[in-house]
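The structure under discussion appears below in the form of structure tokens.
The values are calculated or read from the model by the stated rules, or taken from the named source; none is laboratory data. Small disclaimer: the values here were computed from a predicted structure and weren't measured. Cβ placement follows ideal geometry from the backbone for every residue including glycine, while neighbour counts extend to all protein chains displayed.
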Amino acid sequence: MTTTNSEWLARWQTPLRRQTPALSGSGIAGRYDSHGVDCPFVFRHLDRFYMMHVGFDGTGYQTALAVSDDLLHWEHEAVILPRLAQSDRWDKVGAAGSWMLLASNDIAEVPTLRKLDGRYWLIYHAYPGEGYEEGGALMGLAWTTDETLRTWNRLDEPIFTYEHGGDWEKEGLYKCCLLEREGKFWMFYNAKGESVWPWKEETGAATSADLLHWERVVGNPLLPCEEGTFYSQFYSDPCIRYDSEHQHWLNFGFGFDGKHAQGLLAKSDDLLHWETAAKPLLPHGESGALDEIHAHKSSVILWNGTLYHFYCACRPYREDDPTRVTVFEGQDEFRCIAVATNKLID
């Protein structure tokens, strides 16, 4: 459901956008990020900030960490989900990290990691074909006891697939977020129902008692596309946090109308019924801006009274750009991770 009430939308706006990337790809042949970086997930660990992200090298995604002391200047730390040599694994082409299990859902608290059974947990998705998101992806799970977060162990089999799902998700899964509420784990994810462009992507949910066995909720997709809106073709990449002050859940996802992907905001009292603001929370930028084409795939963190909104920014490729991604034929983009804030930062 779309709502025109803008009061709660204004509360989470971050109009101050830095035009210098927080993180960009290397442009170095053979590196995980030679073509670009995408999908930030920001948290705090061992008194530093970490950004899990994916890099694209023309073959597939691999997952890495960057580190920062101030949320503005980031340095590469390590590739944590590299491409595997085993030719028989389902995730051999690459693994795109989506989310790590957090200690708290509350947006007022700085996100930190939670151990379950003595381990940290990471959920990722993997595509079967080589190239940019080729084929229908499945969800996998990895764990570590390594406090440096550099070495991860992947389960042998996927934990969630599009098989036996609804028509809206029958051609593959995409990025998800993971949370726990009242002893039950929730996975929100977007998926597509067709394999031939232009397809639609919508967002649904599944629940689990153990992170391994998942059951789809009734009513999927919970967050569908809606004609005549900025999310008429995609309602994607959920990023869900809890607003304890106003006692509702927030989804910092994104909408796509066939031209631009823009950050959205939705709210819910029960995780099942959602209201989506009629206007984008994070509109695409003006001509020449880092986010001229897209401003999407959010990760939000509140630190010392300032809201930092990390996202994937895309603009047309220029000859002096360090990286280049061809998402569609005839559309070459410079993709980087950008940050916007609600307050001026010196």
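For the stretch 53-62, filtered to residues that are in contact (Cβ under 8 Å) with a residue 60 or more places away in the chain and in a strand (DSSP E or B), the residue that is farthest from ARG31 (Cα to Cα) is HIS53.
Considering (1) surrounded by 14 or more Cβ atoms within 10 Å (Cβ to Cβ); (2) farther than 19 Å from ASN153 by Cα, the lone condition that GLU77 does not fulfil carries the number (2).
May I ask you to verify whether GLY255 is part of a strand (DSSP E or B), among the small types (Gly, Ala, Ser) and farther than 27 Å from HIS45 by Cβ?
Values: part of a strand (DSSP E or B): yes; among the small types (Gly, Ala, Ser): yes; farther than 27 Å from HIS45 by Cβ: yes.
So GLY255 fits the description; yes.
Within the stretch 313-346, if we keep just the residues that are at pLDDT below 90 and part of a loop (DSSP other than H, G, I, E, B), the residue that is surrounded by the fewest Cβ atoms within 10 Å (Cβ to Cβ) turns out to be ASP346. When TYR120, TYR124 are screened for being in contact with a Leu (Cβ under 9 Å, 6 or more places away or on another chain), in a strand (DSSP E or B) and surrounded by fewer than 20 Cβ atoms within 10 Å (Cβ to Cβ), only TYR120 passes. Within the span defined as the stretch 8-23, every residue fails to be assigned to a loop (DSSP other than H, G, I, E, B), of a type outside the set (A, V, I, L, M, F, W, C) and more than 23 Å from ASN342 (Cα to Cα). With a requirement of 1 or more residues that are surrounded by fewer than 19 Cβ atoms within 10 Å (Cβ to Cβ), the strands (runs of 3 or more DSSP E) lying completely within the stretch 191-242 that satisfy it span 201-208, 214-216. Quick test of your reading of the structure: GLU171 fulfils all but one of (1) touching an Asp or Glu at 6+ places or on another chain (Cβ under 9 Å); (2) farther than 20 Å from PRO224 by Cβ; (3) part of a loop (DSSP other than H, G, I, E, B). Name the failing condition by number. Looking at each condition in turn, GLU171 falls short on (2).
Within the stretch 259-266, is there a residue that is over 18 Å from GLY228 (Cα atoms) and surrounded by 18 or more Cβ atoms within 10 Å (Cβ to Cβ)? No - not one qualifying residue is present in the stretch 259-266.
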